[in-house]
Amino acid sequence: MREQREEDWPALWRVLAPVFRDGETYPLPRDATEADAKAYWIKSDGYNGVACDKAGEIIGAYYLRPDQGGPGDHVCNAGYVIAEAARGRGLATPLCLQSQDQARAMGFHAMKFNLVVAVNDAAVRAWKKAGMKVIGTTPNAFRLPDGRFVDAYIMYKAL
């Protein structure tokens, strides 16, 4: 795992695009452009990390940034993606734990996820293994591609 570099973007976009297009986990329009996705994923006040396989290919990534500004800027928000070919190998939890270490190093006191799709069982399990707790549920907060509305969790961990 390492900090994302500018030259990583094309490879990272190849990981992000299918996740954004399938519409199951991220609140972006399924037809978001590459430029829109890059603006969403990379912020000047944050940190972006990637996980690479032995060949150096990006197989996972995360963003880390303040959840709010001003008096709330000590709580960070993060988002994660695992390449389809790398799913089921236990990468999400270590990626989340590494992002928590990075968040501490950046001076954050806590981590909060605002929208964890409740039916995304693998993510919920991984985040709980990394010490995140469900602190709230927003009913029907996420619309799946088939039109169903499902709940979303708010998850939190003091760092």
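For the reader, a short list of remarks on this structure follows.
- Note on R14/H74: beta-carbon distance plugged into 1/(1 + (r/R0)^6) with R0 of 35 Å gives a FRET efficiency of 0.55.
- Computed from label points 7 Å out along Cα-Cβ, the spacing between R89 and D31 is 3.4 nm.
- Gap separating the Cα centres of the stretch 80-132 and the stretch 51-69, nearest whole Å: 10 Å
- Taking the C-alpha atoms of the chain, convex hull volume expressed per residue in Å³: 113 Å³
- FRET efficiency for H109 and C52, using Cβ-Cβ distance with R0 set to 25 Å, rounded to 0.05: 0.25
- Converting phi to 3J(HN,Hα) with the Karplus coefficients 6.51, -1.76 and 1.60 and the offset θ = phi - 60°, the stretch 118-133 yields 4, 7, 8, 4, 4, 5, 4, 4, 4, 5, 5, 4, 8, x, 6, 10 Hz in sequence order, with x at every glycine or proline.
- Cleavage-rule hits (trypsin sites (Lys or Arg not before Pro)) in the stretch 1-67: DSSP loop, at most 14 neighbouring Cβ within 10 angstrom: R5, R30, K43, K54
- Cβ-defined net charge surrounding D53, 15 Å radius [Lys, Arg +1; Asp, Glu -1]: +2
- In the stretch 2-158, lysine pairs closer than 14 Å at Cα, eight or more apart or cross-chain: 6
- Neighbour-count ranking [beta-carbon atoms within 10 angstrom, fewest first] of M111, M106: M106, M111
- Take every pair of alpha-carbon atoms less than 8 Å apart whose residues are at least six positions apart; their mean separation over the length of the chain yields a relative contact order of 18 percent.
None of the figures in this text is laboratory data; all of them are computed from the coordinates on show. Note that the structure is a prediction, hence the values are computed from the model and not measured. Neighbour counts run over all protein chains shown; Cβ positions are idealised from the backbone, glycine included.
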